[in-house]
Amino acid sequence: MNDENGQTAPHPPRRARPQDVPGALVDPDEVDFGGLLPRLDHMVGRRVAFRTAVLRLEQPILSITFDDFPGSAEVPGARILEDHGARGTYYPASGLFGLTNNRWTVAGAEAVAALHRRGHEIGLHGHAHRPANRMHPRAFAADLAANRAALRRIVPGLVRENYAYPYGQCGLRQKRHVAGSVRTARSVQPGINAGRVDLDFIKAVEISARGLTEDNLDAWLDRAAAACGWLVLFTHDVAEAPSLYGTTPRVLSRIVGRAVERGFAVLPVAEALDRAGIA
Ligand SMILES: [Zn+2]
């Protein structure tokens with residue numbers, strides 16, 4: 001739900017601001033990303049690193065992550081990973097549970113609990129699913145805390161969760177808060193994580209028609225293998241006719257299968273960090 005450069009997508013002015021309607025699931029095309037100041041805040045924020053670490057890997061790693069997340073990210077999404085012996089990371093926005101837009105219906109607490117029981121990682125993605133740079137830092141911190149509290153009620157024992165910025169938008173002060181409260185934060189900035197990485201702006205490539213596809217899959221795996229790096233992917237729905245932000249069961253299966261064939265470890269984000277020796 002972001003543009004490929006991790007910057008705010010251009011958008012026409014709109015009369016309504018759906019994100020202000022309580023209980024409404026905002027269509028990504030309708031999100032108000034604000035004007036110049038939030039954009040600058042994101043651009044500065046993504047360049048300022050509060051925490052870095054050096055990745056040292058003995059084999060390249062692939063992590064598959066699901067944002068928001070639609071019911072199809074569990075069935076068939078999680079099942080596809082499990083068929084390959086792999087597990088993924090899910091970033092639920094707890095305020096969206098059960099809501100429907102014109103693309104999908106968001107899974108609820110039962111899916112979160114079931115995925116955790118089956119070995120998938122549960123991360124954080126904000127409660128209200130608003131761009132971080134569009135929230136006052138105190139409101140952002142409260143929203144993140146609400147997300148964490150909601151998910152810990154569903155999955156007792158969650159600790160040191162990983163986080164993904166809604167729409168990939170950070171903001172300098174929000175990023176600083178994240179640095180003190182989560183294990184890592186995932187962006188939507190495409191690239192391979194290798195060498196010294198910003199733990200609060202992990203690069204990630206979208207699995208979608210405009211991002212990682214069957215056609216460029218091997219090129220991305222080549223880059224990750226050459227750097228002995230960590231390739232993080234993200235997507236939303238997994239359907240025969242996916243949204244602009246999702247993919248098909250066939251492509252997802254192909255990605256996991258090809259990575260395993262090529263000697264990648266396919267791991268949730270937390271396990272990838274463990275493997276890289278990042279606390
Ligand atoms: Zn999201």
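Yes or no: segment 74-85 includes at least one residue that is out of contact with any Leu (no Cβ under 6 Å at 6 or more places or on another chain) and closer than 17 Å to residue 164 by Cα.
No, the conditions are met nowhere in segment 74-85.
I need the full set of residues from segment 134-148 which are more than 16 Å from the ligand (Cβ to nearest atom), open to solvent by less than 40 Å² (accessible area, probe 1.4 Å) and hydrophobic (A, V, I, L, M, F, W, C), in order please.
If the condition is that a residue be more than 16 Å from the ligand (Cβ to nearest atom), open to solvent by less than 40 Å² (accessible area, probe 1.4 Å) and hydrophobic (A, V, I, L, M, F, W, C), then 141 is the only one that fits.
I'd like to know if segment 230-238 contains one or more residues that are open to solvent by 20 Å² or more (accessible area, probe 1.4 Å) and touching a residue at least 40 places away in the same chain (Cβ under 8 Å).
Looking through segment 230-238, none of the residues is open to solvent by 20 Å² or more (accessible area, probe 1.4 Å) and touching a residue at least 40 places away in the same chain (Cβ under 8 Å).
Each row is one residue, and each column tells you yes or no for (1) under 15 Å from residue 41 (Cβ atoms); (2) within 19 Å of the chain's Cα centre (by Cα).
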site	(1), (2)
134	yes, yes
137	yes, no
154	no, no
158	no, yes
164	no, yes
169	yes, yes
183	no, yes
191	no, yes
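Scan segment 220-239 residue by residue and report those that are among the small types (Gly, Ala, Ser) and within 18 Å of residue 73 (Cβ to Cβ).
239
How about segment 196-219: which of its residues are buried (at least 17 other Cβ atoms within 10 Å of the Cβ), over 20 Å from residue 77 (Cα atoms) and among the hydrophobic types (A, V, I, L, M, F, W, C)?
197, 199, 201, 202
So, in segment 163-189, exactly how many residues are touching a helix residue (DSSP H, G or I) at 6+ places or on another chain (Cβ under 9 Å) and either basic (Lys, Arg) or part of a loop (DSSP other than H, G, I, E, B) (or both)?
15
Within segment 213-249, how many residues are assigned to a loop (DSSP other than H, G, I, E, B), more than 17 Å from residue 64 (Cβ to Cβ) and of a type in the set (Asp, Glu)?
Residues flagged as assigned to a loop (DSSP other than H, G, I, E, B), more than 17 Å from residue 64 (Cβ to Cβ) and of a type in the set (Asp, Glu) within segment 213-249 amount to 1.
Only residues that are away from the ligand (no atom under 12 Å from the Cβ), touching a strand residue (DSSP E or B) at 6+ places or on another chain (Cβ under 7 Å) and either more than 16 Å from residue 151 (Cβ to Cβ) or not small (Gly, Ala, Ser) (or both): list them for segment 93-119, please.
Within segment 93-119, 97, 99, 105, 112, 115, 116 meet the criteria.
Among the residues in segment 190-212, are any part of a helix (DSSP H, G or I) and acidic (Asp, Glu)?
no
Of the residues 81, 55, only one is touching a strand residue (DSSP E or B) at 6+ places or on another chain (Cβ under 8 Å) and farther than 22 Å from residue 184 by Cα; which?
81
Are any of the residues in segment 186-194 within 16 Å of the ligand (Cβ to nearest atom), closer than 25 Å to residue 267 by Cα and β-branched (Val, Ile, Thr)?
yes
Inspect segment 239-262 for any residue being touching a His at 6+ places or on another chain (Cβ under 7 Å), open to solvent by 10 Å² or more (accessible area, probe 1.4 Å) and farther than 23 Å from residue 103 by Cα and give the result as yes or no.
yes
Can you give me the number of residues within segment 57-88 that are away from the ligand (no atom under 13 Å from the Cβ), open to solvent by less than 20 Å² (accessible area, probe 1.4 Å) and among the polar types (S, T, N, Q)?
1
The values are calculated or read from the model by the stated rules, or taken from the named source; none is laboratory data. In this text the structure is predicted, and so the values were computed from the model without any measurement. Please note: Cβ atoms are built from the backbone with ideal geometry, for glycine as well, and neighbour counts cover all protein chains shown. Side chains included, ligands, DNA and RNA excluded: accessible areas come from the protein's heavy atoms. Shrake-Rupley method; radii C 1.70, N 1.55, O 1.52, S 1.80 Å.
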